[in-house]
Amino acid sequence: DGGITQSPKYLFRKEGQNVTLSCEQNLNHDAMYWYRQDPGQGLRLIYYSQIVNDFQKGDIAEGYSVSREKKESFPLTVTSAQKNPTAFYLCASIGDRRQPQHFGDGTRLSIL
Amino acid sequence: AQSVAQPEDQVNVAEGNPLTVKCTYSVSGNPYLFWYVQYPNRGLQFLLKYITGDNLVKGSYGFEAEFNKSQTSFHLKKPSALVSDSALYFCAVRDNTGGFKTIFGAGTRLFVKA
C-alpha cells in the first residue's frame, strides 16, 4: 500500500542536541511538507518542497532545517537553536495541487 | 497572505442532531479548500474538498460542506451526528495561483454526546 512513513514515533532530545525526523513516501508525489502541531494552535507550516533539491520556508522555519535529495524523502532536522521543540510533527505530501494532502502518523518530540 | 480561521475551539452536539463546524478563509485568488479529521496520536485524514463547481460538496462518512464565496466561508456539516464523529477537525486552504503552500486552521474539537 502506498503511504507516508514517519519515524521514529517518539523522540527525545537532550539540551544542545540536533535531532532528525524521517519522512518517506512511496506515492510518487512531488510536493512534501512538514507541520508542527501544538495544542490549541493547529498545524503550523515549517517547510515545504515542491520538487527535488528545492524547498521553501513556511511560517515557523527558524530553528529547523530540511533537505530534499530524493523525491521519496524529506527529513527534518530540529536544531539546538529551536528552544521549544516539544510538539507533534507531521509530514505530508501531494502529487497534484488540486488534491488533498496525505499525512503520516507523526513523530512526538520531547525534551529530556 | 493565506489564513484560515476556525472560530470555535469546541463544538458540542447530541447524537442524532445536526452539526456544523465553521471555517472562514483569506487567500489571494480563488481557493482550494479542504476538511480533515484527526484522531488522537494520528495523522490527518481527508474528508472533503472544494476545487470548483457546485458550492455544496459531499465527502466521507456523511459529511458535507458549503462553499460561500461572498462570505469566504466553508462550513462543515452533517445532518445527524454520531458519537464516533467525536474528533479534531481542521480546515485548510491553498490558493490556485500555482503554489503548493497550504495553511491550516487551529482546529475545532467536536464532542458528540450519546
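The values are calculated or read from the model by the stated rules, or taken from the named source; none is laboratory data. In this text the structure is predicted, and so the values were computed from the model without any measurement. The protein model used for the area step is the full one, side chains on, heavy atoms only, and it has no ligands, DNA or RNA in it. Shrake-Rupley method; radii C 1.70, N 1.55, O 1.52, S 1.80 Å.
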### Summary
As straight-line cross-link partners of A:Lys14, the qualifying aspartates and glutamates (C-alpha separation under 19 Å, not fewer than 8 residues apart within one chain) are A:Glu62
### Query
Counting only protein heavy atoms and using a 1.4 Å probe, what share of the accessible area of the protein assembly as shown belongs to carbon plus sulfur, as a whole percent?
47 percent
### Message
Roughly how far apart, in whole Å, are the Cα centres of the stretch A:19-45 and the stretch B:92-114?
### Response
14 Å
#### Entry: A/B buried area, accessible surface, summed, 1.4 Å probe, Å²
2100 Å²
### Summary
Cross-link reach from B:Lys78 to aspartates and glutamates, straight Cα distance under 19 Å and at least 8 residues apart if same chain, gives B:Glu8, B:Asp9, B:Glu15, B:Asp54, B:Glu64, B:Glu66
### Query
What is the spread of the Cα atoms of the protein assembly as shown along each of their three principal axes, largest first, in whole Å?
50, 39, 35
### Query
Counting pairs of alpha carbon atoms under 8 Å apart in space and at least six apart in sequence, what relative contact order in percent does the stretch A:1-100 give?
32 percent
### Accessible-area order (highest first, 1.4 angstrom probe) of the listed residues B:Tyr89, B:Tyr61
B:Tyr61, B:Tyr89
### Query
Can you give me the relative contact order of chain B as a percent, contacts being Cα pairs under 8 Å and 6 or more apart?
38 percent
### Query
For the protein assembly as shown, what is the accessible area per residue in Å², given a 1.4 Å probe and the full set of protein chains?
47 Å²
### Query
Leaving out same-chain residues fewer than 8 places away, which lysines sit with a Cα under 28 Å from that of A:Lys70?
A:Lys9, A:Lys57, B:Lys101
